[in-house]
Amino acid sequence: MSDRTTGIDPADVEQVRVLAEAARVAARRLALLSRAEKDAALRALADALDAATDTVVEANERDLARGRETGMPESLQDRLRLDATRVAAVAQALRDIAALPDPVGEVVRGSTLANGLQIRQVRVPMGVVGMIYEARPNVTVDAAGLGLKSGNAVILRGGSAAAETNRATVAVLRAALAEQGLPADAVGLLEGGHGAVRALMTARGLVDLLIPRGGADLIRSVVTESTVPVIETGVGNCHVYVDAAADLDKALAIAVNSKTHRPSVCNAAETLLVHRAVATEFLPKALAALSGEGVALHTDDEAGAQADTAGVPHDAVTQEHYDTEFHGLEMAVGVVDGLDQALEHIRRHGSGHTEAIVTEDRAAARRFTAEVDAAAVMVNASTRFTDGGEFGFGAEIGISTQKLHARGPMALPELTTTKWVVEGDGQVRV
């Protein structure tokens, strides 16, 4: 452990040490598994989850009941909630992972040198991956499944709001691994409070990679306090820009879907920007449709005038609104002079997650995709598509907004690193 563990309860440090050392042993075993063995194990885990649906849902209801008692917002309850349909979807995600290509052993590049040495860069597992996340119990299963397929052991620290659900789910996964003759310690659950989290964040040398997934405060804390290498999964302050050359029917469908399809998630749009040339025609319909879906609208002066025309309730937008990931049915709306002002607004307020333009002008689309600094850029499509499953990656372990190693939805390749393998026949350097 590093010196930064000073002040952490020794019991928390010891818990992380025991979990990490057991995970390290398990990771060595996972790294040797064939694709067929890993895929069979993933399907077995899915079957075990299906069989344990009632147990998992009952545990989840205890978490939800505690959340309701403590005033948990409905948007967070939605993130936490599991029912039979959602458990089945989570189990199916494991089967989907089994159907994906195995990244381990893939040759990224290689060549034969003039001296006869054969060199190749090969994908290998990270080793032990820690996950710190909030009230998203599906992440527990996604992380375990992606970890297994990529040959990594995982240590999971879910939010206290989902404690009962995570405990029940991890118990099912560990039992299923053991039944397959695989190490149960491939999936570990870290219990305890903030001290346990800090112990995990400072377990450099025991944990190879840490991935935080949740709100801005959680991510900021992990990035700034961790001594373990971190992949930053970012806040989703996403925008939809409706250009002067937009097909307004497409724009209406995209704006409403981006905001209301599932407003609590990171790829939901938080701000709608509309070119002044189409504002009078587009905004009354768009604002009425959004309001009809229960969206509270924060408008600038021009958008507010169109809201009045449509008879839609609204209040004045603030800079704080523009900087907020609402996690719910709220949206900031502004009118802009054109593409340049839209790009500047996104540069100032965007979080680098997902940005969308609606336009039939290919030159405007090219500028938008070239100039927007984000992990994903949509042209004439909803922001809700930034998702590992929607991209065909199977489940995802998070959406990275950083620029090193991984960016955008992180699936199997992003959970590997590489090593160089050099084969010779007695060559020596002269």
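Worth a mention:
- The single condition from (1) surrounded by fewer than 24 Cβ atoms within 10 Å (Cβ to Cβ); (2) over 30 Å from TYR133 (Cβ atoms); (3) not polar (S, T, N, Q) that PRO263 fails is (2).
- Selection within the range 265-280: residues that are among the hydrophobic types (A, V, I, L, M, F, W, C) and not in a loop (DSSP other than H, G, I, E, B). The member of this set that is nearest to GLY214 (Cα to Cα) is ALA269.
- When residues of the range 73-97 are limited to those that are among the β-branched types (Val, Ile, Thr) and in contact with a Leu (Cβ under 9 Å, 6 or more places away or on another chain), the one nearest to ASP50 (Cα to Cα): VAL87
- Leading residue by the ranking (modelled with the highest pLDDT) among those in the range 372-430 that are in a loop (DSSP other than H, G, I, E, B) and among the aromatic types (Phe, Trp, Tyr): PHE391
The rows are residues; the columns are (1) in a helix (DSSP H, G or I); (2) over 24 Å from the mean Cα position of the chain (by Cα); (3) not hydrophobic (A, V, I, L, M, F, W, C).
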{"position": "GLU14", "(1), (2), (3)": "yes, yes, yes"}
{"position": "ALA20", "(1), (2), (3)": "yes, no, no"}
{"position": "ALA26", "(1), (2), (3)": "yes, yes, no"}
{"position": "ASP39", "(1), (2), (3)": "yes, no, yes"}
{"position": "LEU42", "(1), (2), (3)": "yes, no, no"}
{"position": "LEU45", "(1), (2), (3)": "yes, no, no"}
{"position": "LEU49", "(1), (2), (3)": "yes, no, no"}
{"position": "THR55", "(1), (2), (3)": "yes, yes, yes"}
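- Scanning the range 159-188 for residues that are crowded, with 20+ Cβ neighbours inside 10 Å, out of contact with any Asp or Glu (no Cβ under 6 Å at 6 or more places or on another chain) and part of a loop (DSSP other than H, G, I, E, B) yields a single hit, LEU182.
- Any hit, the range 201-216, residues being under 19 Å from ARG24 (Cα atoms) and of a type in the set (Gly, Ala, Ser): yes
- Single condition ALA406 does not satisfy, out of (1) assigned by TED's automatic domain parsing to the domain that holds VAL154; (2) out of contact with any Asp or Glu (no Cβ under 8 Å at 6 or more places or on another chain): (2)
- Of all the numbered requirements in (1) farther than 25 Å from LYS149 by Cβ; (2) assigned to a loop (DSSP other than H, G, I, E, B), PHE368 misses one, and that requirement is (2).
- Restricted to the range 102-127, and to residues there that are closer than 24 Å to GLU37 by Cβ, of a type outside the set (D, E, K, R) and touching a residue at least 60 places away in the same chain (Cβ under 8 Å), the residue that is surrounded by the most Cβ atoms within 10 Å (Cβ to Cβ) is VAL104.
- Pairs with Cβ under 7 Å, 6+ apart, first in the range 136-162 and under 12 Å from ALA186 (Cα atoms), second of a type in the set (Asp, Glu): LYS149/ASP102; ALA153/ASP185
- Qualifying residues in the range 57-86 (those that are of a type outside the set (Val, Ile, Thr) and in a loop (DSSP other than H, G, I, E, B)) - the one surrounded by the fewest Cβ atoms within 10 Å (Cβ to Cβ): GLY71
- Failed item in (1) closer than 25 Å to GLY294 by Cα; (2) more than 24 Å from the chain's Cα centre (by Cα); (3) of a type in the set (Asp, Glu), with ASP323 passing the rest: (2)
This table checks each residue for (1) surrounded by fewer than 20 Cβ atoms within 10 Å (Cβ to Cβ); (2) farther than 27 Å from ARG362 by Cα; (3) in the same structural domain as GLU355 (by TED's automatic domain parsing).
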{"residue": "VAL230", "(1), (2), (3)": "no, yes, no"}
{"residue": "ASP247", "(1), (2), (3)": "yes, no, yes"}
{"residue": "ALA251", "(1), (2), (3)": "no, no, yes"}
{"residue": "ALA268", "(1), (2), (3)": "no, no, yes"}
{"residue": "LEU272", "(1), (2), (3)": "no, no, yes"}
{"residue": "ARG276", "(1), (2), (3)": "yes, no, yes"}
{"residue": "ALA279", "(1), (2), (3)": "no, no, yes"}
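- For the range 193-215, the count of residues that are hydroxyl-bearing (Ser, Thr, Tyr) and buried (at least 21 other Cβ atoms within 10 Å of the Cβ) is nonzero.
- For beta carbons closer than 9 Å, sequence separation of 6+ or different chains, a first residue in the range 324-344 that is touching a residue at least 60 places away in the same chain (Cβ under 8 Å) and a second that is aromatic (Phe, Trp, Tyr), the qualifying pairs are ALA332/TYR322; ALA332/PHE326; GLY334/TYR322; VAL336/TYR241; LEU339/TYR241; LEU339/PHE368; ALA342/TYR241; ALA342/PHE368.
- Scanning the range 90-99 for residues that are of a type in the set (A, V, I, L, M) and buried (at least 16 other Cβ atoms within 10 Å of the Cβ) turns up VAL90, ALA91, ALA93, LEU94, ILE97, ALA98.
- Residue satisfying condition, being closer than 26 Å to GLN77 by Cα and in contact with a Ser or Thr (Cβ under 6 Å, 6 or more places away or on another chain), within set HIS261, HIS314, HIS321, HIS298: HIS314
- Among the criteria (1) surrounded by 24 or more Cβ atoms within 10 Å (Cβ to Cβ); (2) at pLDDT 95 or above; (3) out of contact with any Asp or Glu (no Cβ under 8 Å at 6 or more places or on another chain), the one ALA143 does not fulfil is (2).
- Here GLN319 meets each of (1) touching a strand residue (DSSP E or B) at 6+ places or on another chain (Cβ under 9 Å); (2) of a type outside the set (Asp, Glu); (3) assigned by TED's automatic domain parsing to the domain that holds ALA255 with one exception, condition (1).
The values are calculated or read from the model by the stated rules, or taken from the named source; none is laboratory data. Quick caveat, the model's predicted, so the values are computed rather than measured. As a convention, Cβ positions derive from the backbone with ideal geometry for all residues, glycine included, and neighbour counts pool all protein chains shown.
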